[in-house]
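The block underneath contains the structure these notes are about, expressed in structure tokens.
The values are calculated or read from the model by the stated rules, or taken from the named source; none is laboratory data. The structure displayed is predicted, hence computed values, not measured ones. Note: ideal-geometry Cβ built from the backbone for every residue, glycine included; neighbour counts use all protein chains shown. The area values use the complete protein model at the heavy-atom level, side chains included, leaving out ligands, DNA and RNA. Shrake-Rupley method; radii C 1.70, N 1.55, O 1.52, S 1.80 Å.
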Amino acid sequence: MKRIPTKQEILDWISANPTLTSKRDLAKAFGIKGADRIDLKRILKELEAEGHLEKRKRSYRDPDRLPPVSVLQVKAPNADGDLFARPLEWHGEGVEPIVLIISRASDPALGEGDRILARLTQVHEEDHNYEARLIRRIGANPRRVVGIFRKGAEGGRIVPIDKAGSTEWLVAEDAALGAKDGELVEAEQAGPKNRMGLPRARIVERLGDPSAPKAVSLIAIHQHGIPDDFPDDVIAEADRAKPVGLKGREDLRDIPLLTIDPSDARDHDDACYAHADDDPKNPGGHVIWVAIADVAAYVHPGSALDREARKRGNSTYFPDRVVPMLPDRLSGDLCSLHEGVPRACIAVRMRIDANGNKIDHRFVRGLMRSAASLHYAEVQEAIDGTPNDRTGPLLESVLKPLYAAYGALKTARNERQPLDLDLPERKIVLNDKGEVESVAFRERLDAHRLIEEFMILANVAAAETLIAKRSPLLFRVHEEPAPEKLESLRETAQAAGLNLAKGQVLQTRHLNALLNAAAGTEDAELINLSTLRSMAQAYYSPENFGHFGLALRNYAHFTSPIRRYADLIVHRALISAHGWGKDGLTADEIDRLEEIATHISDTERRSMMAERDTTDRYLAAYLSERVGNEFTGRISGIARFGAFVKLDETGADGLVPVRSLGREFFHFDAEAGTLMGADTGLTIAIGQRVTVRLTEATPVTGGLELELLSIEDQAMPRGGGRGRPGRPTRRKAVSTKRKKDKIKRKVERKRRQR
């Protein structure tokens with residue numbers, strides 16, 4: 001047995017290696033393997049309880065700060081020659097911390113795109129939050145850029161499409177790949193960076209007309225590095241796959257399982273069925289079946305398909321296309337539960353009582369045949385009294401029993417009180433040419449909620465089964481809100497005349513009480529947005545920290561293995577735990593679960609950003625013909641450089657630059673989330689109702705620029721500053737200095753209290 005380190009040895013390691021602090025890192029550092037990891041976990045829990053450590057996601061450190069030693073990516077120098085960097089280890093909510101590099105005479109010259117390891121010090125300055133001192137420069141892959149090619153006499157330039165307005169790149173004539181002027185291209189850095197002048201690049205792919213509608217999602221795919229072409233060996237492996245038969249499986253083909261999806265669904269990976277429980281010991285109870293495509297039967301650990309699926313992590317969905325996790329031979333055919341076709345599945349049979357509480361459940365590996373592939377609207381219309389030719393024959397025997405079971409699950413949901421946010425989802429409707437035809441908000445039907453509740457119940461059953469069988473798995477984790485974010489929400493609620501209870505263990509029912517109190521008032525949207533911003537981001541982990549938002553202790557993703565790699569891991573764990581075959585979870589996968597969890601959490605965030613950027617570009621294209629029009633909206637974010645406004649009509653987000661607010665200096669208060677005019681005292685804060693004018697819409701970047709006309713129905717005052725716009729006069733500078741001194745005194749008091 002390897003000697004278990006003492007608590008002090010663990011603390012010393014974390015202090016000396018702040019970037020290697022996960023349980024896996026600690027086990028590796030001290031040579032701890034197998035069952036000895038249980039003792040390491042116990043010691044870490046004790047250190048948490050004693051207040052020496054705080055667990056945040058998968059590592060032990062202060063969750064409110066960047067690590068003291070961080071990997072940074074150097075940005076281009078600003079107009080004053082200062083060098084800033086982007087923290088690559090920042091995964092928090094809100095505005096990304098600003099890091100200023102403090103150079104020493106002995107440091108090597110740094111250029112845009114360099115990756116460095118640096119020691120950070122937190123500061124409270126007007127233009128940055130951290131100061132970084134170089135430890136060493138580290139290697140990096142050639143930096144890539146997506147932009148518009150502008151042809152010149154000896155090659156040309158690339159104008160990046162990023163909203164941030166990155167530096168242009170020079171392209172030599174022999175590195176242009178025949179690109180035409182105005183063409184969208186992808187390029188990579190060519191050769192070492194120069195200290196003076198623009199960086200050089202070589203074009204690696206021509207992407208076509210940037211104004212073409214179908215270029216919108218293509219830009220996001222390339223910009224975020226989402227793999228969109230399957231390697232030949234992956235396609236070949238998928239093409240060799242054959243339908244799975246009944247051998248070794250339970251025959252479920254006589255159960256009238258249905259798939260219920262959006263009308264434009266590209267795959268069908270879940271089906272359900274319910275009926276009244278005939279057990280006299282369970283009066284008013286129901287039996288619910290949920291069957292999920294058996295992707296593990298086709299995607300085996302270590303195969304080319306598996307490596308590519310893990311690399312992608314998940315499918316990415318755009319208004320005009322999907323970048324799937326699996327080739328179409330699987331995602332659209334063999335693994336899709338098409339109507340009337342036998343398909344391999346892993347199914348769970350669950351019994352609930354009259355109040356929606358799960359009594360028991362069992363998993364089977366089976367073969368099913370979908371009785372019908374329906375979409376949400378037609379199912380809801382059938383229940384509401386207008387069935388069609390497809391839903392009519394199923395109404396009494398299948399659809400009504402589904403809704404009866406859902407009624408019981410609603411009772412359990414109301415008792416459990418998961419977080420109940422009311423934030424309508426935008427839906428971008430495209431015409432045949434790929435142009436935006438309209439922007440609407442998705443309708444929420446009981447049919448949607450029914451499927452959600454069935455899937456949640458199945459996910460809980462999967463987690464509980466694997467915990468009971470002591471099997472490793474990936475949990476879907478959603479931690480409680482950070483204290484400072486909760487305090488910010490409390491202040492927002494108080495400003496709206498509402499109350500969020502303090503001095504007790506926070507539960508989702510407390511947040512729901514706040515949301516219900518705001519419902520129907522003019523502050524409802526503000527409270528919903530502020531509550532959403534206070535939430536931690538969900539992630540995957542081999543350790544179970546519960547799901548705060550759903551108010552569930554045990555939760556894992558099981559129901560979408562076609563589009564999420566996490567679900568495939570859970571399927572393999574169920575196969576191994578039940579002894580269903582040799583295609584279950586391998587020892588290598590078990591050893592790498594933490595690494596896999598980190599990777600797929602990152603790919604999920606990557607897809608979310610790509611999808612959001614695409615939506616922004618479509619909205620900018622849609623609004624580009626309405627420049628000069630006035631819109632109503634609400635302040636949705638505050639930054640040093642301006643205020644973000646969410647427009648009521650489309651849900652689009654635009655920026656009111658601080659330079660457009662008049663000639664006075666505006667002081668940015670990050671803690672309060674406000675911009676305050678030094679002369680007029682005008683305060684711009686999150687949640688305020690505003691009227692704005694659209695002054696600029698740039699489809700290629702997705703940027704919207706707005707002019708602020710009124711706040712809370714009060715016209716904008718004229719600033720009284722005499723200096724240049726955005727530049728403080730002497731009196732303003734003194735005022736700013738006083739405020740900075742006040743902040744420093746506050747920080748010092750907190751330090752003494754600790």
*How high is the relative contact order of region 171-230, in percent, with contacts defined as C-alpha pairs under 8 Å that are six or more residues apart?*
33 percent
*asked:* Could you work out how much longer the chain between L709 and A354 gets when fully extended? Use 0.36 nm per residue separation minus the Cα distance between them, nm to one decimal.
replied: 122.3 nm
*Keeping all protein chains in position, work out how much accessible area D669 exposes to a 1.4 Å probe, and write it in Å² to the nearest 10.*
50 Å²
*Could you give P(r) for region 616-655, binned at 10 Å from zero, as whole percent values over all Cα-Cα pairs?*
29, 54, 16
*Would you mind telling me the share, in percent, of accessible area of the chain contributed by carbon and sulfur at probe 1.4 angstrom?*
48 percent
*Label zone at R307 (point 7 Å along Cα-to-Cβ), backbone N below 20 Å, region 227-242*: 227-241
*At 222 nm, what helix-only mean residue ellipticity would the chain give, in deg cm²/dmol to the nearest 500, using -39500 (n - 2.57) for each DSSP H run of four or more?*
-9000 deg cm²/dmol
*Gained length - T698 relative to D239, 0.36 nm times residue gap less alpha-carbon distance*: 161.0 nm
*Whole-number percent relative contact order across region 325-481, with pairs defined as alpha carbons under 8 Å at least 6 apart*: 17 percent
*Take the Cα atoms of the chain, build their convex hull, and give its volume per residue in Å³.*
201 Å³
*asked:* If the only charges are +1 at each Lys and Arg Cβ and -1 at each Asp and Glu Cβ, what is the size of the charge dipole of the chain around the Cα centre, to the nearest 20 debye?
replied: 3520 debye
*In whole percent, what relative contact order does the chain give with Cα contacts below 8 Å and a gap of six or more residues?*
9 percent
*Which entries in the list K7/K502; K281/K358; K41/K469; K214/K427 go over 24 Å, if you measure between the two C-alpha atoms of each?*
K7/K502
*How would S624, S530 line up by accessible area, probe 1.4 Å, largest first?*
S624, S530
*Please identify the GluC sites (Glu not before Pro) of region 513-608 that satisfy two criteria: DSSP loop assignment and at most 14 other Cβ atoms within 10 Å. Which are they?*
E522
*Dipole of region 147-266, positive direction: furthest Cα of L252, I235, V216, with charges on the beta-carbon*: V216
_Area of F475 that stays accessible when all protein chains are in place (1.4 Å probe, Å², to 10)_ = 10 Å²
_Shape category assigned to region 436-555 from the gyration tensor of Cα positions, a/c cut at 1.5_ = oblate
*Express the accessible area of the chain per residue in Å², computed with a 1.4 Å probe while the remaining protein chains stay in the model.*
48 Å²
*If R0 is 25 Å, what FRET efficiency do you get for R426 and E491 from their C-beta distance, rounded to 0.05?*
0.30
*Gain upon complete extension [T586, S263; 0.36 nm per residue less C-alpha separation]*: 112.5 nm
*Name the residues whose placed amide hydrogens come within less than 5 Å of the amide hydrogen of L706, ignoring near sequence neighbours (fewer than 5 apart) on the same chain.*
L655, V656, T695
*Count neighbours as other Cβ atoms within 10 Å of each site's Cβ, and list the trypsin sites (Lys or Arg not before Pro) in region 403-482 that are DSSP loop with at most 10 such neighbours.*
K433, R470
*Assigning unit charges at the beta carbon (Lys, Arg +1; Asp, Glu -1) and nothing else, what dipole magnitude in debye, to the nearest 20, does region 507-571 show about its Cα centre?*
240 debye
